[in-house]
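The values are calculated or read from the model by the stated rules, or taken from the named source; none is laboratory data. Because the structure is a prediction, the values reported are computed rather than measured. Cβ: placed from backbone, ideal geometry, glycine included. Neighbour counts: every protein chain shown. Protein only, heavy atoms only, side chains kept; ligands, DNA and RNA dropped before computing areas. Shrake-Rupley method; radii C 1.70, N 1.55, O 1.52, S 1.80 Å.
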Amino acid sequence: MKTLVIVDLQNDFLNGGSLEIPNANKIIKPINDILDNYDLIVATKDWHPENHLSFSSNHEGKRNGDTIRINGIKQVLWPNHCIQDSDGSNFPVELDSNKIDKVIYKGMDSGIDSYSGFFDNAKNKSTGLSEFLKEKKVEKIDYVGLATEYCLKFTALDSVSEGFYTRVITKCIRGIDSNDCRFAFEEMRSQGIVLI
Ligand code: VGL
Ligand code: ZN
């Protein structure tokens, strides 16, 4: 079963969004163009409550980009983004989202972030993605989406550790910081992820 996972392709990460990623809109058309190559299309959605710990607005005296440490886990602070049922959490209208078979939600627990589409950042709780894919007998997965050095990377790394043959389609991803993206590419490659 040819399977594609689209990571966090949501308005808040796109042009004009609260956590806008440079040139992110450029991946929408190339993603639309490959959708018909797949038998199964899954999308993840960052899906935060308003009181989520990753929002700097929920920490007095903190600003976007600051980092805090909670229960031993480093947390970058972000602008409010992808709040449940807000327009910023929606797929962009330009995406052929009618072709998506399953949406996996993550980041709902106000006390912990979830960059990966598989597990929260403490690796304590599954989102159900791995169980869903294994039930469908999926063995190989291609990944596209946002952001290269955060949710895309952590999702792909967990994909490998869950035993899936994992590829990332590089023309269909974008990141926040070009240096961090270079490190992310190296890390993904070193873990056996195929970058195409
Ligand atoms: C993401 C920062 C905060 C992502 C999500 O989708 O890469 N980045 N929440
Ligand atoms: Zn988030």
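Here are the numbers for this structure:
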| read-out | value |
| --- | --- |
| DSSP bridge pairs, the chain: antiparallel proportion in percent, nearest 5 | 15 |
| Kirkwood Rh (inverse of mean 1/r, distinct Cα pairs), the chain, angstrom | 16.7 |
| Cleavage-rule hits (trypsin sites (Lys or Arg not before Pro)) in the range 62-99: DSSP loop, at most 13 neighbouring Cβ within 10 angstrom | Arg63 |
| Solvent-accessible heavy-atom area per residue, rounded to whole Å², over the range 123-171 at 1.4 Å | 46 |
| Lys74 paired with Asn37, simple spin-label distance in nm, labels 7 Å along Cα-to-beta-carbon | 3.4 |
| Cβ-defined net charge surrounding Tyr105, 9 Å radius [Lys, Arg +1; Asp, Glu -1] | +1 |
| Per residue solvent-accessible surface (Å²) - the range 1-114, probe of 1.4 Å | 48 |
| Net charge of Cβ neighbours under 13 Å - reference Pro79; Lys, Arg +1; Asp, Glu -1 | -3 |
| Percent accessible area from carbon and sulfur atoms, the range 28-120, protein chains only, probe 1.4 Å | 42 |
| Proportion of all alpha-carbon pairs of the range 1-92 beyond 22 Å (%) | 39 |
| Cut-off under 5 Å, modelled amide H: who pairs with Arg174 long-range | Gly145, Thr148 |
| With at most 16 neighbouring Cβ atoms within 10 Å, loop GluC sites (Glu not before Pro) (DSSP) excluded, longest segment of the chain | 140-196 |
| Cleavage-rule hits (chymotrypsin sites (Phe, Trp or Tyr not before Pro)) in the range 113-179: DSSP loop, at most 10 neighbouring Cβ within 10 angstrom | none |
| Accessible surface of the range 124-196 [probe 1.4 Å, protein heavy atoms]: carbon and sulfur percent | 48 |
